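A quick write-up on the structure given underneath.
The values are calculated or read from the model by the stated rules, or taken from the named source; none is laboratory data. These numbers come from a predicted model, not from an experiment. Heads up, the Cβs are rebuilt from the backbone with ideal geometry, glycines too, and the neighbour counts pull from every protein chain shown. For the accessible areas, the whole protein counts, side chains as well, though only heavy atoms, and no ligand, DNA or RNA atoms are used. Shrake-Rupley method; radii C 1.70, N 1.55, O 1.52, S 1.80 Å.
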Amino acid sequence: MVSAAEREPFLVMAKPVGPICNLACTYCYYLDTARLYERPHRFRMSDELLDAYVRQYIEASPGPLVHFVWHGGEPTLAGLGFFRRAVGLQRRYLPQGWSCWNNLQTNGTLLDEQWCAFLAEERFEVGLSVDGTELLHDAYRRDRNGRGTYQRVAAATQRLQRHGVRPDLLCTVTPAVAQDPLGVYRALRALGGTFLQFLPIVRRGPDGQPTPESVSPDDYGRFLCAVFDEWVRHDLGKLQVQLFFESLRAWGGETPTLCVMAPTCGRALVVEHDGAVYTCDHYVNPEHRLGDIQSTHLGALADAPALLRFGADKRDRLPAQCRECPWLAACNGGCPKDRFARAADGEPGLHYLCAGLRRFFAHADAPLRRLVELGRQNASPAAAMAALREESAAPWRAVGRNDLCPCGSGRKAKRCCWPQRP
């Protein structure tokens, strides 16, 4: 095995109970993976597999910090004892001077006082799924009895915060969510979120077309623009929005770290509850199964030729429209799972949300450039927001509701950016 210094970093999402969940969210992409297993089947990682996974992942990591991500389904269904054992195994196998960072992605409905105390004591980061307002959240995120879950999630958020854990808030963008960008953003802000992720729902039906819960490109673009304007004028330095932060990296000449925005992918593997390893959370299927940790070391699977090809395909299969796009350095074609649209010339492989992303990048271009400039001048967040508020108000000073929108869309202001004007 290669030395730690020679190892390439990679991330793993571990699924201790596979696709099993106590909720029945109508847009969930992962529940369908249960069909891969014959019944009866025990959807739970055994103690032996947990031991092998923790040991192999540490052995394959370049260190000195090892990132453990626990995902689902709903990982808390594995029980608190499972995670106590996981932390104990990490301590057993960590080399001298190394440490672990644990992240739990959860729906939050099972996080009682005991759970929150454990997560705080072991310094877990927590990603909590909440779709903005109660009305929007409960439209899709219901339990197995059809009951809404917003109140339970909001209570879990408050409980975590009392224990000193500030959860990241993950909000899906459905057609309904996209219609209320400011209401959703402000609701998440009011919950005490300091890091937000907006995850567009894009699913395809048997006919290959987007399902009704999938957000349209146009709605997604408008949603991002409205939220960006609110964030850049009021919340710089106080709240991070993942897409905006990663875009700012790109505008500053750095490579985005978020997998969907990076030039290649394939360094975020999945270890399922039965030890099987897959190329990506969105590709848990027989075609993308790399092997299993019972028969092959996780470090070897992370360097498998099939995985390297999978990662390079994101870059190598870009249509010409993407390669010539002014926003390529920020987008890099998006997630391969959503690249089922056709480019203007008919070439396949264009991201379904391309039009919305182009709209957002064009809208955010000038403010992001200004933020990079102000950052190099060591301007404070308050000073940067004041400058951006003043500059963004200037184009609207002589614009009425029925005039053309200054964003350049060609539509009347009242039918475009008028509600979000400074």
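Structure values in brief
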| read-out | value |
| --- | --- |
| Single match in D281, D292 (criterion: within 30 Å of D47 (Cβ to Cβ), open to solvent by less than 40 Å² (accessible area, probe 1.4 Å), within 21 Å of the chain's Cα centre (by Cα) and not β-branched (V, I, T)) | D281 |
| Long-range neighbours under 8 Å by Cβ, at least six apart or interchain, first residue part of a loop (DSSP other than H, G, I, E, B) within segment 326-354, second of a type in the set (D, E) and open to solvent by less than 40 Å² (accessible area, probe 1.4 Å) | H351/D338; Y352/D338; L353/D338 |
| For T26: the one exception among (1) touching a residue at least 40 places away in the same chain (Cβ under 8 Å); (2) closer than 20 Å to F124 by Cα; (3) open to solvent by 70 Å² or more (accessible area, probe 1.4 Å) | (2) |
| Selection status of P217, surrounded by 17 or more Cβ atoms within 10 Å (Cβ to Cβ) and either touching a residue at least 12 places away in the same chain (Cβ under 8 Å) or of a type in the set (A, V, I, L, M, F, W, C) (or both) | yes |
| In segment 226-241, the residues that are part of a helix (DSSP H, G or I), closer than 20 Å to L357 by Cα and open to solvent by 10 Å² or more (accessible area, probe 1.4 Å) | D229, E230, W231 |
| Test: residue in segment 377-392 that is under 30 Å from Y283 (Cα atoms), modelled with pLDDT of 90 or more, open to solvent by 30 Å² or more (accessible area, probe 1.4 Å) and part of a loop (DSSP other than H, G, I, E, B) | no |
| Count - residues of segment 70-122 that are part of a loop (DSSP other than H, G, I, E, B), surrounded by fewer than 16 Cβ atoms within 10 Å (Cβ to Cβ) and either touching a residue at least 12 places away in the same chain (Cβ under 8 Å) or polar (S, T, N, Q) (or both) | 6 |
| Residue within segment 247-254 that is in contact with a Lys or Arg (Cβ under 7 Å, 6 or more places away or on another chain), assigned to a loop (DSSP other than H, G, I, E, B) and of a type outside the set (V, I, T) present | no |
| Yes/no for P9 being touching a Phe, Trp or Tyr at 6+ places or on another chain (Cβ under 8 Å), assigned to a loop (DSSP other than H, G, I, E, B) and closer than 29 Å to T264 by Cβ | no |
| Residues (surrounded by fewer than 18 Cβ atoms within 10 Å (Cβ to Cβ) and among the hydrophobic types (A, V, I, L, M, F, W, C)) located in segment 242-257 | F245 |
| Unique residue being more than 30 Å from P210 (Cβ to Cβ), in contact with a Gly (Cβ under 9 Å, 6 or more places away or on another chain) and not acidic (D, E) when the list is Y93, Y37, Y57, Y30 | Y57 |
